[in-house]
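The numbers here are math on the coordinates, done by the rules we state, and not lab data. These figures come from a predicted structure and were not determined experimentally. Here Cβ is always computed from backbone atoms with ideal geometry, including for glycine, and neighbour counts include all displayed protein chains.
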Amino acid sequence: MPKAIARSKTKKSVAKRFKITATGKVIRSKAGRRHLLECKNSKLKRNMGKRAVVEACDVNHIKANLPWG
């Protein structure tokens with residue numbers, strides 16, 4: 001029997017942190033929303049709850065870990 005071709009698996013830690021949009025952009029959550037929220041103003045907390053686009057230099061590394069994304 002022929003040997004099975006190795007398939008690239010999804011890195012689950014990356015899949016939990018990043019999403020790929022329909023147009024191919026990589027989306028991430030912003031940092032700083034977990035604790036110490038009393039000292040941060042409402043505008044800052046509100047903007048940290050939104051999503052952000054990943055920088056272009058990191059996109060290829062993330063997409064390599066999300067082959068089915």
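Quick notes on this one:
- Label-to-label distance for Met1 and Ala64 is 3.2 nm, based on points extended 7 Å past Cα in the beta-carbon direction.
- Cross-link table Lys9/Lys30; Lys19/Lys50; Lys11/Lys63, entries beyond 18 Å C-alpha to C-alpha: Lys9/Lys30
- Magnitude of the charge dipole, segment 1-40, Cβ model with Lys/Arg +1 and Asp/Glu -1, debye to 20: 80 debye
- Inter-probe distance in nm under a simple model that places probes 7 Å from Cα toward Cβ, at Arg17 and Leu36: 1.9 nm
- When the charge dipole of the chain is built from unit charges on Cβ atoms (+1 for Lys and Arg, -1 for Asp and Glu) and taken about the Cα centre, the candidate among Ala52, Ile5, Asn41 whose Cα reaches farthest toward its positive end is Asn41.
- Fewest-first ranking of Ile5, Ile20, using other Cβ atoms within 10 Å as the exposure measure: Ile5, Ile20
- Net dipole in debye of segment 12-65 [+1 Lys, Arg Cβ; -1 Asp, Glu Cβ; about Cα centre; nearest 20]: 280 debye
- When every Cα-Cα distance of the chain is counted in 5 angstrom steps from zero, the calculated P(r) takes the values 3, 14, 21, 16, 13, 13, 8, 5, 2, 2, 1, 1, 0 percent.
- Cα long-axis angle, helix 56-65 against the chain (0 to 90 degrees, to the nearest 10): 50 degrees
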